[in-house]
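Data block below; observations after.
The values are calculated or read from the model by the stated rules, or taken from the named source; none is laboratory data. Bear in mind the structure is a predicted one, so any value in this text is a computation, not a measurement. Note: ideal-geometry Cβ built from the backbone for every residue, glycine included; neighbour counts use all protein chains shown.
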Amino acid sequence: MKYLIFSLLLIAFNSYSLTLGMTLRTQFKYSDYVGVVEILEIDSSQSCGQLVTAKPLKTFKGKDEIFQFWVLNEKDLLLIDSEKYLAFLSERQQEIHCDNAVLSTSLGFQTFFPFRSYDGKMYVLAYRESFMSSNDTISYYSVGFVEMLQVIDQRIFALGKWSELEEALLEE
């Protein structure tokens with residue numbers, strides 16, 4: 001019984017630590033590209049995800065020229081009608097048949113955030129676990145940089161104020 005209780009406490013503590021560890025600073029540190037991009041073209045690949053060609057609008061880290069990257073979770077592109085995204089991209093070793101674009105989003109948590117204007121202010125939207133939002137399989141709650149939650153297309157989104165996020169990224 002002691003071991004069972006200890007195991008449950010350890011799992012809960014590790015889950016809590018992982019949630020706390022997903023910060024903007026951590027996301028920035030482990031990304032090879034951080035910036036605002038405009039999508040120019042999207043090509044689908046059944047086995048690799050969506051190959052996106054994008055133009056950087058504002059770069060905080062990485063190259064400042066038109067480039068390609070993989071969006072591994074197609075929901076990151078389909079949920080919101082937006083051409084402008086905040087992207088945290090990392091180099092990944094893709095299989096040879098996946099073209100030569102090595103930058104990609106994360107499959108496990110959100111690293112590709114659409115923009116949306118609301119009441120004259122610009123927001124970055126999070127809908128799954130990220131530095132702005134988290135979940136514990138029972139509930140969804142917002143953390144850091146979130147000004148409000150809003151239901152869009154029958155999904156809960158955390159809206160992070162772009163001006164605050166931009167200021168924090170400039171400090172990195």
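Listing for the model above:
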{"item": "Residue in the stretch 20-45 that is farthest from VAL146 (Cα to Cα), counting only those that are surrounded by 16 or more Cβ atoms within 10 Å (Cβ to Cβ) and small (Gly, Ala, Ser)", "result": "SER31"}
{"item": "Residues being surrounded by fewer than 16 Cβ atoms within 10 Å (Cβ to Cβ), modelled with pLDDT of 70 or more and either of a type in the set (Ser, Thr, Tyr) or farther than 19 Å from GLU83 by Cβ (or both) - total across the stretch 106-143", "result": "6"}
{"item": "Residue that is nearest to GLN154 (Cα to Cα), among those in the stretch 46-84 that are of a type in the set (Gly, Ala, Ser) and surrounded by 13 or more Cβ atoms within 10 Å (Cβ to Cβ)", "result": "SER82"}
{"item": "Residue list for the stretch 53-64, filter: touching a Ser or Thr at 6+ places or on another chain (Cβ under 9 Å) and without any contact (Cβ under 8 Å) to a residue 60 or more places away in the chain", "result": "GLY62"}
{"item": "LEU103, sole failed condition from (1) within 18 Å of ARG25 (Cβ to Cβ); (2) at pLDDT 85 or above", "result": "(1)"}
{"item": "Matching residues in the stretch 101-118 - criterion: being closer than 14 Å to PHE131 by Cα and in contact (Cβ under 8 Å) with a residue 60 or more places away in the chain", "result": "PHE109, THR111"}
{"item": "Residue match in the stretch 7-22 (condition: among the β-branched types (Val, Ile, Thr), closer than 26 Å to GLU172 by Cα and at pLDDT 80 or above)", "result": "no"}
{"item": "In the stretch 31-51, the residues that are modelled with pLDDT under 90 and within 18 Å of PHE109 (Cβ to Cβ)", "result": "GLY49, GLN50"}
{"item": "Of all residues making up the stretch 20-74, the number that are part of a loop (DSSP other than H, G, I, E, B) and touching a Pro at 6+ places or on another chain (Cβ under 6 Å)", "result": "1"}
{"item": "The stretch 85-100, subset surrounded by 17 or more Cβ atoms within 10 Å (Cβ to Cβ) and at pLDDT below 70, residue farthest from the chain's Cα centre (by Cα)", "result": "CYS98"}
